[in-house]
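Read the figures in this text as sums done on the coordinates, not as results from a lab. Quantities reported herein were computed from a predicted structural model and do not represent experimental measurements.
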Amino acid sequence: MPADGYDARIMDPVEHALFDTAIGTCAIAWGPLGIVALQLPESTGDRTLARLRRRLPTTQPAVAPPPVEAAIDGIVALLDGAPVDLSGVVLDERGVPEFSRAVYAIARSIAPGTTLSYGDIATRLGDPTQARAVGQALGQNPFAVIVPCHRVLAAGGAIGGFSAGGGAATKRRMLAIERARVGNGPDLFDAEPAPLRAIAPN
């Protein structure tokens, strides 16, 4: 989930673009080392950009270069229901704490249509007691969708928190688009998942 606390002070000057998706207008920001932030939709495009600028106040609008345009195309396709693999999109993680980077790396391995719990990620990090810390790290995720924090659920399959616009309803909608199983109920869709389509690294 996008986080207003993301530390942009050590970042190079960044540029941004708005783009429309099936769930609303997103904003993406980038610099010379990769994607700096992805902002999920607020109620309007202006509010989406305003929230991005709370973290990146000096960002300037620009035409996305080809690697960023490829990332945008992948995000749009993913939010339209295509099984796109965004793990090759290069992120600029300067300013992201080491623990959060480790959490994000595991989250990026979760394929569309599947989920892990906060406890699962903590266990993979070697300390099952760190589930709460995992949740906090995901709550500060500046790369939502690219780092798919919406695929991480609370214990017992509960939907868990989501700090983007619309909260848990947006998280549930994104999981529905990806045909993911939530809780102990049946799959949201019965169709077999299509093969992943990868986005090439920057």
(message) Could you derive backbone 3J(HN,Hα) for region 32-48 from the dihedral phi with the Karplus parameters 6.51, -1.76 and 1.60 (θ = phi - 60°), listing whole Hz in sequence and x where the residue is Gly or Pro?
(response) x, 9, x, 6, 9, 6, 10, 9, 6, x, 9, 5, 9, x, 4, 6, 4
(request) Would you pull out the residues with amide H under 5 Å of G88's amide H, same chain only if 5 or more places away, H placed 1.01 Å from N? (result) I199
(request) Give a residue-ordered list of calculated ³J(HN,Hα) values for region 82-90 (Karplus: 6.51 cos²θ - 1.76 cosθ + 1.60, θ = phi - 60°; whole Hz; x for Gly, Pro). (result) 7, x, 9, 9, 9, 5, x, 5, 7
(request) Over all directions, average the projected area of the Cα convex hull of region 43-162 and note it in nm². (result) 8.3 nm²
(request) Rounded, prolate or oblate: pick one for region 38-98, where a ≥ b ≥ c are the square roots of the eigenvalues of its C-alpha gyration tensor, a/c under 1.5 means rounded, and failing that, prolate if a/b is larger than b/c, else oblate. (result) oblate
(request) Can you grab the distance from the C-alpha centre of region 133-181 to the C-alpha centre of region 45-114, Å, no decimals? (result) 14 Å
